[in-house]
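First the structure, in the form of structure tokens, and then the observations on it.
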Amino acid sequence: MKDIHVLSFDGQSITDVSNLVNAVNYIKEYDRAIIVITAFRQTRNKLLAITDTAVSGNLDAAHALCDEIYDLYYDLIQQALESHPNPKNTLILETTDKKLEEYTFRLKKLLGYADKMHTHQDRWVDSILPIGDQMAAFVLSQTALSWGILTQYVEATKLIKTDNEYGQANPNTMSVYQHCGSLETLIENGFTPIMGGGYGISQEKSMSQLGPDGLDITARLIAGALEAKSIEFTN
């Protein structure tokens with residue numbers, strides 16, 4: 001496939017609505033692109049803190065922090081849509097709200113396990129941290145719809161298969177290459193796929209982190225599978 005560009009976004013740089021809108025405008029410059037992004041602002045650090053709070057036995061406080069993360073993502077897309085009137089914005093916001101609620105519910109459920117176990121386990125942490133990446137990818141994809149970009153959120157676990165080394169899992173490159181045909185189909189049909197970076201799914205069917213360079217690993221895997229023309233790393 002020719003002229004495919006993989007755009008890799010470090011979501012920590014998206015700290016306010018202007019950053020989110022700038023990301024959308026950047027994407028709009030590319031006709032054939034795949035977007036890989038990690039969690040916005042300090043979400044990853046907050047998720048680690050939330051996990052510590054749950055493990056310490058303060059589940060109510062952990063749940064309150066979960067709601068703060070929900071508010072961050074909802075407020076960002078709400079402000080973005082308010083700045084860009086579009087008849088579809090009401091539906092876009094409703095769809096995003098429902099998805100963010102699903103992620104928040106799953107996060108609270110996982111924290112319940114952490115509370116009961118009173119100990120850290122890499123497998124549970126690896127299931128918690130990607131929720132921020134999933135939220136970021138979904139919010140970016142929905143925001144872009146308001147700007148007329150035909151996006152499609154893609155769940156990374158459908159493509160990125162790994163071993164069971166939680167915390168720094170190793171991707172199964174051959175399996176990733178085999179599963180990336182779906183991205184090719186989306187692009188050929190005029191869509192811009194957007195997915196979370198830095199995680200996949202283990203052989204045990206649990207989410208798994210690819211380590212500190214996980215975003216780059218994801219971007220390079222996707223680029224290699226589709227023989228992309230370039231990888232654009234943005235901050």
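Numbers below:
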quantity: Alpha carbon Rg of the chain, scaled by the compact-globule rule 2.2 N^0.38 Å; calculated: 0.98
quantity: Length added when fully stretched, ASN235-LYS116, from 0.36 nm per residue minus Cα-Cα; calculated: 39.0 nm
quantity: Spacing of the two label points (7 Å from each Cα toward its C-beta) at LYS158 and LYS88, in nm; calculated: 1.8
quantity: Charge tally in the Cβ shell below 14 Å around SER83, where Lys, Arg are +1 and Asp, Glu are -1, SER83 excluded; calculated: -3
quantity: Accessible carbon and sulfur surface of the range 159-235 relative to its total accessible area, %, 1.4 Å; calculated: 44
quantity: Within the accessible area of the range 56-151 (1.4 Å probe), percent carbon and sulfur; calculated: 52
quantity: Contour excess over end-to-end distance, with Cα ends at ASP71 and THR185 and 0.36 nm allotted per residue; calculated: 37.6 nm
quantity: Nearest-20 debye value, the chain charge dipole, Cβ charges on Lys, Arg, Asp, Glu; calculated: 340
quantity: Among 104-115, 77-88, 218-229, the order from most to least packed when residues are scored by Cβ within 10 Å on average; calculated: 218-229, 104-115, 77-88
quantity: Per-selection metrics, the range 110-218 (Cα): Rg and Dmax in Å; calculated: 15.0, 48
quantity: Per-residue HN-Hα couplings for the range 111-124 [Karplus 6.51, -1.76, 1.60; θ = phi - 60°; Hz; x = Gly/Pro]; calculated: 5, x, 5, 4, 5, 5, 7, 6, 7, 7, 9, 3, 5, 6
quantity: Share antiparallel - DSSP beta bridges, the chain, percent rounded to 5; calculated: 20
quantity: Debye equation applied to the C-alpha atoms of the range 62-135, log10 I(q)/I(0) at 0.25 Å⁻¹; calculated: -1.13
quantity: FRET efficiency, ARG106 to GLN42 (Cβ-Cβ, R0 30 Å, nearest 0.05); calculated: 0.90
quantity: Per residue, in Å², the accessible surface of the chain once ligands and nucleic acids are set aside, probe 1.4 Å; calculated: 45
quantity: Low-density loop positions, trypsin sites (Lys or Arg not before Pro), the range 117-180 - DSSP coil, at most 11 other Cβ in 10 Å; calculated: none
quantity: Other-chain or far-sequence residues with amide H under 5 Å of ILE35's (modelled H); calculated: LEU7, ILE194, MET195
quantity: In order through the range 134-144: 3J(HN,Hα) via Karplus (6.51 cos²θ - 1.76 cosθ + 1.60), integer Hz, x for Gly, Pro; calculated: 5, 4, 4, 5, 5, 5, 5, 5, 6, 4, 4
quantity: Cβ-Cβ FRET estimate between LEU150 and TYR26, R0 fixed at 22 Å, reported to 0.05; calculated: 0.85
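The values are calculated or read from the model by the stated rules, or taken from the named source; none is laboratory data. Nothing here was measured: the structure is a model prediction, and the numbers come from that model. Please note: Cβ atoms are built from the backbone with ideal geometry, for glycine as well, and neighbour counts cover all protein chains shown. When the accessible area is computed, the model is the full protein with side chains, heavy atoms only, and any ligands, DNA or RNA have been set aside. Shrake-Rupley method; radii C 1.70, N 1.55, O 1.52, S 1.80 Å.
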